[in-house]
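All remarks here apply to the structure that follows.
The values are calculated or read from the model by the stated rules, or taken from the named source; none is laboratory data. Quick caveat, the model's predicted, so the values are computed rather than measured. Every residue, glycine as well, gets a Cβ built from its backbone with ideal geometry; the counts of neighbours run over all protein chains shown. Surface areas here come from the heavy atoms of the whole protein model, side chains and all, with no ligands, DNA or RNA. Shrake-Rupley method; radii C 1.70, N 1.55, O 1.52, S 1.80 Å.
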Amino acid sequence: MSIHISAKPGEIAADLLLPGDPLRAKFIAETFFESPKLVNEIRGMYCFTGSYRGKPISVMGSGMGQPSLSIYVNELFRDYNVQRVIRVGSCGSIQPKVKVRDLILAAGACSTGNMNRRRFQGMDFAPVSDFGLLRQAHDLATAGSTPVHVGNVLATDSFYEPDADGWKMWATYQVLAIEMESAELLTLAAQFDRRALSILTVSDSLVDPSTDALQDRERGFRAMAELALNTLAF
Ligand code: HPA
C-alpha cells in the first residue's frame with residue numbers, strides 16, 4: 001500500500017507495462033495475461049497482475065503527462081520494488097519519414113517540462129532507455145512488418161501548444177516525435193537504478209496533419225503491447 005496504490009506488498013510484479021490510459025491497462029491484462037487480478041483501482045488507475053508466458057507481469061496506467069506518471073512510477077519503484085518498466089504509448093510524428101502507424105523505440109527523451117530543471121538545479125540530464133531492453137525490442141520489432149524508428153522523442157507538458165510551430169525546432173535536431181511522459185520515466189529509472197524503455201505507436205503527424213490520424217488504434221496498440229510483453233519475456 002502506497003499513497004496512490006492500494007496493492008498489497010508482493011501483488012505487483014517486478015516487470016510492468018505502463019500505458020497512459022488505465023482502460024488500456026485493463027485491455028492488456030484481459031487480452032494477454034493468464035489469470036489477471038485487479039490489484040489497484042484508486043482514482044480508476046487500474047493495475048493488474050497476472051502472468052505472460054509463465055512469468056509474473058503487471059500492467060498499470062500512468063495517466064497523461066509527466067507529473068501523473070511520476071507519482072505512480074515513484075511508488076512502483078520505491079514501494080513495490082518494480083525492476084523493469086516498458087511504457088506503451090502513442091505519439092505525434094515530427095519527421096516526414098516517420099509515418100502514422102510506425103513504431104518508435106525511444107532511445108532518449110527531451111522535455112519541455114520543468115521537473116528535470118528543478119531536479120538538476122538548472123543543469124541538463126540526458127534521459128536514456130535501457131540498452132538491453134532497447135536491443136531486445138529492436139530485434140523483435142525488426143522481424144515484423146511495421147517500420148520501426150529508434151531515436152529521440154520529446155515529452156511536452158502541453159498537448160495544446162499555443163505556438164503551433166514550436167515542434168519545428170525539435171525536428172531540426174532529429175527528434176522523431178512528441179508525446180508527454182517518456183523523459184520522466186527514463187529519469188526515474190536512472191534515479192532508482194531500474195530498467196526502462198518507451199515504445200510508441202505513431203497516432204498522428206504534425207508534419208502532415210492531413211494524414212488520417214490512426215483509425216484502427218486498437219490494432220496498432222495490440223501489436224505494440226505484444227512487442228513489449230515479448231521484450232520482457234526474455
Ligand atoms: N502531442 C503530444 N502528445 C501526443 C501527440 C501529440 O501530437 N500525439 C500523441 N500523443
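Structure notes:
- Proximal charge balance of Ala7 [Cβ under 12 Å; K/R count +1, D/E count -1]: -2
- Maximal additional length on extending the Arg118-Leu23 stretch stands at 31.0 nm, based on 0.36 nm per residue less the C-alpha distance.
- D_trans [Stokes-Einstein, Kirkwood Rh over alpha-carbon pairs] for segment 15-233, 25 °C, 0.890 mPa s, µm² s⁻¹: 142 µm²/s
- Distance from segment 103-159 to segment 41-67 (C-alpha centre basis), Å: 20 Å
- For the chain, lysine pairs separated by 8 or more sequence positions, or belonging to different chains, with Cα-Cα distances below 21 Å total 8.
- Contact order relative to length of the chain, as percent, for alpha carbon pairs under 8 angstrom and 6 or more apart: 25 percent
- Beta bridges per DSSP with both ends in the chain, % antiparallel, nearest 5: 40 percent
- Taken over the C-alpha atoms, segment 27-99 has Rg and Dmax values of 14.3, 42 angstrom.
- Rg and Dmax, both from the Cα atoms of segment 95-194 and both in Å, are 14.3, 44.
- Highest GNM mean-square fluctuation among Gln136, Gln191, Gln83, for the chain modelled with Cα contacts below 10 Å: Gln191.
- Computed from backbone phi, the HN-Hα couplings of segment 37-52 come to 10, 6, 10, 8, 9, 4, 6, x, 8, 4, 10, 10, 10, x, 9, 9 Hz, rounded to whole numbers (Karplus: 6.51 cos²θ - 1.76 cosθ + 1.60, θ = phi - 60°; Gly and Pro given as x).
- Note that the chain presents 48 Å² accessible area per residue, ligands and nucleic acids not counted, probe 1.4 Å.
- Per residue of the chain, the DSSP helices (runs of n ≥ 4 H) give a summed -39500 (n - 2.57) that works out to -9500 deg cm²/dmol at 222 nm.
- Extension gain from Gln191 to Val207, taking 0.36 nm per residue of separation minus the Cα-Cα distance: 2.3 nm
- Rg/Rh ratio calculated on Cα atoms of segment 47-152 (Kirkwood radius): 0.98
- Rounded to two decimals, the Cα radius of gyration of segment 149-234 over 2.2 N^0.38 Å is 1.23.
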